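The values are calculated or read from the model by the stated rules, or taken from the named source; none is laboratory data. Everything quoted here is computed from the prediction, not taken from an experiment. Cβ placement follows ideal geometry from the backbone for every residue including glycine, while neighbour counts extend to all protein chains displayed. Note: areas computed on protein heavy atoms with side chains; ligands, DNA, RNA excluded. Shrake-Rupley method; radii C 1.70, N 1.55, O 1.52, S 1.80 Å.
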Amino acid sequence: MVCFLAIISFILLIFFDVSYYLRIVSTILFGRLFQKNCKITDPVTIYDFCFTQDLDLVFKHMNNARFVRDLDFCRFHFYDRTGLYNEMVKRKTDALQAATNIRYRRVIPLFSFFKIITQMIYWDDKSVYLEHKFITNDGFIRAVVLSKATMLKANVNEVMESLNAGPKPEITPDLDYWIKSMDESSQKLRPKSE
């Protein structure tokens, strides 16, 4: 029996990113057990630690790809704490991660604690826009990320109304430029009619 469990565990570790799924489950469970639900426009925080599995090639600081990976945990946590996930389930929709724009300001050193604050900063009829800030214990914002999640089969304005989001926030200049940049990129990628 022990040998069988060891083989199954080994196969899971080879074919699946087990730590990723465990982290998602533990992040959501921690939020449900120890944190209150909040309004969709409120900031939501998760805490993290830069460990050896997060290291870059120089073995001193967090790999750039780990920042982006941590955004999954932030989004799932945010969706759960704000009720957005339940609203999506009710409407039989999902949110597709459509784009991410990250600005690295300074590295996160090995064995450093940091937090990631996620906040809804804007929405339109198809997508929600989140801002994520990676902040170390010294209060320095190490990275700022804008992310766009597009809802399939749901009008985001109606979802926000159901969640009592209140008035739509004013679009910030950097988000406005980013949205225009994505629109321009989409135009370039569309097939040209002959």
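One residue stands out in segment 42-76 among those that are aromatic (Phe, Trp, Tyr) and either under 20 Å from Ile141 (Cβ atoms) or touching a Pro at 6+ places or on another chain (Cβ under 9 Å) (or both): the one that is most open to solvent (accessible area, probe 1.4 Å), namely Tyr47.
Among the residues making up segment 88-104, those that are open to solvent by 70 Å² or more (accessible area, probe 1.4 Å) and in contact with a strand residue (DSSP E or B) (Cβ under 6 Å, 6 or more places away or on another chain) are Asp94, Leu96, Arg103, Tyr104.
For segment 1-39, the candidate set comprises residues that are exposed (fewer than 13 other Cβ atoms within 10 Å of the Cβ) and hydroxyl-bearing (Ser, Thr, Tyr); within that set, the residue that is farthest from the chain's Cα centre (by Cα) is Ser9. With the condition kept exactly as written, say whether any residue in segment 136-154 is more than 23 Å from Ile171 (Cα to Cα), basic (Lys, Arg) and at pLDDT below 95. Yes, because at least one residue in segment 136-154 is more than 23 Å from Ile171 (Cα to Cα), basic (Lys, Arg) and at pLDDT below 95.
Report whether or not Arg75 is assigned to a helix (DSSP H, G or I) and farther than 24 Å from Met182 by Cβ. It is false that Arg75 is assigned to a helix (DSSP H, G or I) and farther than 24 Å from Met182 by Cβ. Determine, yes or no, whether Phe113 is over 24 Å from Ser185 (Cα atoms) and open to solvent by less than 60 Å² (accessible area, probe 1.4 Å). Criteria not met by Phe113. Picking from residues in segment 10-31 that are in contact with a helix residue (DSSP H, G or I) (Cβ under 8 Å, 6 or more places away or on another chain) and among the hydroxyl-bearing types (Ser, Thr, Tyr), the one that is modelled with the highest pLDDT is Thr27. Pick out the one residue from Asp80, Asp125 that is open to solvent by less than 70 Å² (accessible area, probe 1.4 Å), closer than 23 Å to Ile40 by Cβ, of a type outside the set (Gly, Ala, Ser) and without any contact (Cβ under 8 Å) to a residue 60 or more places away in the chain. Within the list Asp80, Asp125, the selection yields Asp80. Residues in segment 19-28 include at least one that is among the basic types (Lys, Arg), free of Cβ contacts under 8 Å to residues at least 60 places away in the same chain, in contact with a Phe, Trp or Tyr (Cβ under 7 Å, 6 or more places away or on another chain) and assigned to a helix (DSSP H, G or I). Does Val159 qualify as being open to solvent by 70 Å² or more (accessible area, probe 1.4 Å) and among the β-branched types (Val, Ile, Thr)? Here the answer is no, as Val159 does not meet what is asked. For the residues Ile108, Ile117, Ile171, the requirement of being touching a Pro at 6+ places or on another chain (Cβ under 6 Å) and among the hydrophobic types (A, V, I, L, M, F, W, C) singles out Ile117.
Taking segment 162-194 as the range and being among the aliphatic types (A, V, I, L, M) and open to solvent by less than 100 Å² (accessible area, probe 1.4 Å) as the test, the residues that pass are Leu163, Ala165, Ile171, Leu175, Ile179, Met182.
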